[in-house]
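Structure first, commentary second.
The values are calculated or read from the model by the stated rules, or taken from the named source; none is laboratory data. Only a predicted model underlies this, so the values are computations on that prediction, with no experimental measurement involved. Glycine also receives a Cβ, built like all others from the backbone with ideal geometry; neighbour counts cover every protein chain displayed.
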There are 2 protein chains.
Amino acid sequence: MEEVAIIGIGCTPVGEPWHKSLRNMAVESTWAAMEDAAIDQVDALIVGNMSSGNFNDQESLGSLIADYAGLGNISAFKVEGACGSGGAAFNAGVMAVASGMHDTVCVTGVEKMTDVVGDNATKILANAADREYESIHGISFVGLNAMIMRRYMYDYNVKKEDLCAFPVNSHKNAVHNKYAMFRQEIKMDAVLNSPMVADPMTLMECAPICDGAASAIITTKERAREYTDTPVIVKGSSLKVDTIGVHDRKTVTSMKATVTAANDAYKQSGLSPSDIQTVELHDAFSIMGAIGLEDLGFAERGKGARFAAEGQIGIGGKLPCCTFGGLKARGHPVGATGLYQIIELSKNLRGEGVVDAECGLAQNIGGTGSTVSVTILGRG
Amino acid sequence: MEEVAIIGIGCTPVGEPWHKSLRNMAVESTWAAMEDAAIDQVDALIVGNMSSGNFNDQESLGSLIADYAGLGNISAFKVEGACGSGGAAFNAGVMAVASGMHDTVCVTGVEKMTDVVGDNATKILANAADREYESIHGISFVGLNAMIMRRYMYDYNVKKEDLCAFPVNSHKNAVHNKYAMFRQEIKMDAVLNSPMVADPMTLMECAPICDGAASAIITTKERAREYTDTPVIVKGSSLKVDTIGVHDRKTVTSMKATVTAANDAYKQSGLSPSDIQTVELHDAFSIMGAIGLEDLGFAERGKGARFAAEGQIGIGGKLPCCTFGGLKARGHPVGATGLYQIIELSKNLRGEGVVDAECGLAQNIGGTGSTVSVTILGRG
C-alpha cells in the first residue's frame, strides 16, 4: 500500500463556544491545517462527525464544510463511527490517498454538542449503543462504562485510587495546551470526592460534553517532502469493530476491537508495543485508560491502572500518555476527538510538543468499544 | 489506480415493512449480496446512510450491521452524503479496495424512514439542506425542487406535460421489478391531476418516503474472475460537492456537482456520453430527471424534458433510463438509493436485467445537488 504522510495540522480550542456554530468550527480547523501545510486547496475533504443530525439538525456535512471553507467542487463526505468517527475518518482519508483517487486530502473531525438542551446530549450519545437492546432501556454511556469499571475492579482487585491516575495525569498535561478545555491540575482527592455519576464512577473520571474541531492534511509520503521538512508518516492505520452490545461479548474488561486493530496496525508498521514512545489513549472514562493500556500491549492484564498509578504514563515516565490532556481535560467533542489525538501526536513527532518521540500511537473508541481505530505515526 | 469490480449484488424489496428494523434490512441485503458472490466473509463493510440518528435513534451503523450480519471484527464505518449517501459509500468502497487496505468490501446502503410519525420524515430530510439559511425557514426538499422546476419551465419554455414523462417512464419500468415499491403503470393525466405538493410539482412527480437496503460486494478487477464469470467493472467513480445552499449558485437549472463528477468519471473511464447505453437517473423529482440528462451530457440545455417526452428514455429507446423504476417507482430509501442504482445497472450489464448494455451510468444526488456521485460501470 502506498505510504501516506501528514503535512498539516490545525484545531480549534475545545470548550463551549456559543458564538461559534458547527460550520464555523469546522472551517476554522480546516483552514488552520491548510495554513500549516501552506496550501490553498485540497482534492477531497473527509469529515468525521457522530451526530450532527441530532445535535444540530444538519446533515450533508461534506458539502456544508467544503462550501463554507471555500473549497469549491471537490470531493467530500462524512464518516460516522460514533465517538470513534474522527479516527474512522482518518482511516478513510488514508485509503483516499493510498488508492490514488486523491492527491491531497483534508480530514476534519467536528462535533458541536452544547447547543442542545439539558440531558439531550446524553440521550443523543446513547444512540451509539444498541438501540434495541441497550439504550432503549435507559442505559447511558457512563452507565455502561461504570459496569465495566466495577467488573474490572472486582476481577483484578483494583482500587478506584489507581484508576484516578488517568484523570490526574490528563489534567496535568492539559495545563500547557492552549486548546484544552480544562487547564488546571486536579488531585486524586478531587476525583474521589467529585459527585457520583454512575457508581463507582465519579464526575472527574468522565470526559466533558463540549465542542471542537481538528483537522489533518494528508498526502503520499513521496509528495510530502515537497510541502514540509517535518512530515509525519502514517506507519499503521487500522479500524475494527466488535459487537455493538456489550452483553454479547465474552469479556467486558478487554475490547476485542482494540486488540485486533492494534495487531493490524503493528503488523502494517512492522513495530511492536516496545517501539511506541507515546500514546494518546481514549480516556473518555478512567477505566478506558486502564483497559486501553492492556489491550494495546503496554501493560499486563489487570495491571493497566497500576501502570498509571506508578507514574509511568506521565511526561518523563516510561510511556507518556494523553500528553495534551486527553479526552478528560483537553475535552471530548466526540467526532473530533480522533483528529485531536492525531494532531497532538504529530506535534510530539514534529518536535513541537511536550514529548520527544520518534513514534507514537493513538487509540480512538466509538461506542463501548464497538468501533476502534489505532493509528501509528512516526517521524518522516 | 487499481481497477475495481463488483462480484455480488443484493437488496430488499422497497416499501414500508413494519416488521423489519433498520438492522434487519441491512443484514438481509448484505447477506443477499454475499450469497450472490458466493462468499461467507468480507474484509470491510461500508454503510451508506443519511439519518439513522434522527430516523431510528441509532448511530454506530458500521459495528451494528457488521455485528448482526455475523461478520466479526472486520473494518466498518458509515458514510453520509444526505440522499447521496449510497453513492458516496460506494465511492469510499472503491477507494478501500483500490488502496490495497481491503481485499473484499461490502458496501451496504440502508434507510429506515417510515418508523417516525407524521411530518417528521420531511423535517429530517430537510436536514440535508442548509440549516442556517434554508431549512430553518421551513423550506422542504420538495419546496426547493419546485422552485427549480418553475425556473426551468420559465427559462426553457418547458411544459409540465414534458416533465411528466419521467414518472410515467419510471412507473412503467417498475412493473417488472419485484423489489419496486410501486409496480403499476401510471398515465400522464394521473401525474397532472395528482394533489399539488409544492406548486408546480404534484404528488406523482415526487419519490416516496420508504425503507430499503441494497448491497454490492467489490474487489479488485484482477481477483474478480476468481469469484464470478460476470464481474462488473467500475470504469469511473467520482463524487463532487457544490454549495449546500441553492441560493449561493449562479444557476439553479444545472447542477455543477453533477457536471464536475460526470466529467471526472468520463475522464477516468476514457468514455464519453455517446458510449453510455443506459442511465440510472436520480429522479427524486421529475425536474431532477430533466436536469440530470442535461448535466450528464445526454441532452442539450433545456431539452432534457423533451428528450424524455419523445420516448427516448424508455426501454427500447435511445437511452433507457431508470430501468428498474428509478427513485419514483422503485422507491427512494435515501441512503440506500445509490446502491439500488448500482445493483440495477449491474443486472443490466450481467445480462440479468431488462436492457442489454455494455456500459451504463448511475447518478446519485444528495441535498439539492450539494453532493453528487457519478458511477460508470462496464461489462467485465
Is there a residue in the stretch A:318-329 that is of a type in the set (Ser, Thr, Tyr) and under 30 Å from residue A:56 (Cα atoms)?
no
Out of all the residues in the stretch A:346-380, which are assigned to a loop (DSSP other than H, G, I, E, B) and either closer than 28 Å to residue A:249 by Cβ or among the hydroxyl-bearing types (Ser, Thr, Tyr) (or both)?
A:367, A:368, A:369, A:370
How many residues of the stretch B:10-32 are crowded, with 24+ Cβ neighbours inside 10 Å and among the hydrophobic types (A, V, I, L, M, F, W, C)? The answer is 6
Mind counting the residues in the stretch B:169-185 that are farther than 21 Å from residue B:211 by Cβ and in a helix (DSSP H, G or I)?
2
Output the residues belonging to the stretch A:358-375 that are surrounded by fewer than 24 Cβ atoms within 10 Å (Cβ to Cβ) and either within 14 Å of chain B (Cβ to nearest Cβ) or out of contact with any Asp or Glu (no Cβ under 7 Å at 6 or more places or on another chain) (or both).
A:358
Residues of the stretch B:300-318 that turn out to be surrounded by fewer than 23 Cβ atoms within 10 Å (Cβ to Cβ) and either in a helix (DSSP H, G or I) or among the hydrophobic types (A, V, I, L, M, F, W, C) (or both), as a count:
3
When the stretch A:135-150 is examined, which residues are found to be touching a residue at least 40 places away in the same chain (Cβ under 8 Å) and surrounded by 18 or more Cβ atoms within 10 Å (Cβ to Cβ)?
A:140, A:141, A:142, A:143, A:144, A:145, A:146, A:147, A:148, A:149
Scan the stretch B:254-271 for residues that are out of contact with any Gly (no Cβ under 8 Å at 6 or more places or on another chain), outside any helix (DSSP H, G or I) and over 20 Å from residue B:234 (Cβ atoms) and report the count.
1
Scanning the stretch A:48-63 for residues that are facing chain B (nearest Cβ under 7 Å) and in a loop (DSSP other than H, G, I, E, B), which turns out surrounded by the most Cβ atoms within 10 Å (Cβ to Cβ)?
A:50
(1) touching a Gly at 6+ places or on another chain (Cβ under 9 Å); (2) β-branched (Val, Ile, Thr); (3) within 30 Å of residue B:122 (Cβ to Cβ) all hold for residue A:122 apart from (1)
Being crowded, with 24+ Cβ neighbours inside 10 Å and at pLDDT 95 or above narrows A:39, A:7 down to just A:7
Counted residues, the stretch A:268-299 - those being without any contact (Cβ under 8 Å) to a residue 60 or more places away in the chain and either small (Gly, Ala, Ser) or farther than 20 Å from residue A:342 by Cβ (or both):
6
Some residue of the stretch A:315-337 being without any contact (Cβ under 8 Å) to a residue 60 or more places away in the chain and either of a type in the set (D, E, K, R) or within 24 Å of residue A:28 (Cα to Cα) (or both):
yes
Only one of these conditions is not met by residue A:111: (1) more than 7 Å from chain B (Cβ to nearest Cβ); (2) surrounded by fewer than 24 Cβ atoms within 10 Å (Cβ to Cβ); (3) touching a residue at least 40 places away in the same chain (Cβ under 8 Å); (4) touching a helix residue (DSSP H, G or I) at 6+ places or on another chain (Cβ under 9 Å). Which number is it?
(2)
Only listed residue being at the interface with chain B (Cβ under 7 Å from one of its Cβ atoms) and crowded, with 24+ Cβ neighbours inside 10 Å, chosen from A:66, A:89
A:66
For the stretch A:193-234, which residues satisfy the criterion of being in contact with a strand residue (DSSP E or B) (Cβ under 6 Å, 6 or more places away or on another chain), assigned by TED's automatic domain parsing to the domain that holds residue A:22 and assigned to a helix (DSSP H, G or I)?
A:221, A:224, A:227
Being at pLDDT 95 or above, in contact with an Asp or Glu (Cβ under 7 Å, 6 or more places away or on another chain) and not assigned by TED's automatic domain parsing to the domain that holds residue A:75 narrows it down to one of A:175, A:168, so name that one.
A:175
Go through (1) over 30 Å from residue B:231 (Cα atoms); (2) surrounded by 24 or more Cβ atoms within 10 Å (Cβ to Cβ); (3) in contact with a Leu (Cβ under 8 Å, 6 or more places away or on another chain) and name the single condition residue B:128 misses.
(3)
Touching a Cys at 6+ places or on another chain (Cβ under 9 Å), over 17 Å from residue A:209 (Cβ atoms) and either more than 14 Å from chain B (Cβ to nearest Cβ) or in a strand (DSSP E or B) (or both): which single residue out of A:77, A:166 fits that description?
A:166
Has the stretch A:329-345 got any residue that is among the charged types (D, E, K, R), assigned by TED's automatic domain parsing to the domain that holds residue A:124 and either in a loop (DSSP other than H, G, I, E, B) or surrounded by fewer than 24 Cβ atoms within 10 Å (Cβ to Cβ) (or both)?
no
Pull out all pairs, ordered by first then second residue, where Cβ-Cβ is under 8 Å, the residues are six or more apart or on different chains, the first lies in the stretch B:54-68 and is assigned by TED's automatic domain parsing to the domain that holds residue B:29, and the second is surrounded by fewer than 24 Cβ atoms within 10 Å (Cβ to Cβ) and among the acidic types (Asp, Glu).
B:55/B:115; B:56/B:115; B:67/A:248
Name every residue in the stretch A:272-299 that is in a loop (DSSP other than H, G, I, E, B) and touching a helix residue (DSSP H, G or I) at 6+ places or on another chain (Cβ under 7 Å), in order of residue number.
A:272, A:281, A:282, A:283, A:284, A:296, A:297, A:298, A:299
How many residues does the stretch B:114-134 contain that are in contact with a helix residue (DSSP H, G or I) (Cβ under 6 Å, 6 or more places away or on another chain) and free of Cβ contacts under 8 Å to residues at least 12 places away in the same chain?
0
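Residues are listed down the side, and each one gets a yes or a no for (1) of a type in the set (Val, Ile, Thr); (2) within 30 Å of residue A:55 (Cβ to Cβ); (3) not in a loop (DSSP other than H, G, I, E, B):
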position: B:5; (1), (2), (3): no, no, yes
position: B:10; (1), (2), (3): no, no, yes
position: B:20; (1), (2), (3): no, yes, no
position: B:31; (1), (2), (3): no, no, yes
position: B:35; (1), (2), (3): no, no, yes
position: B:72; (1), (2), (3): no, no, no
position: B:100; (1), (2), (3): no, no, no
Quick test for you: out of A:243, A:251, A:258, pick the one residue that is touching a strand residue (DSSP E or B) at 6+ places or on another chain (Cβ under 9 Å) and either of a type in the set (Val, Ile, Thr) or within 14 Å of chain B (Cβ to nearest Cβ) (or both).
A:258
Among the residues of the stretch A:344-370, which ones are more than 30 Å from residue A:134 (Cα to Cα) and polar (S, T, N, Q)?
A:346, A:348
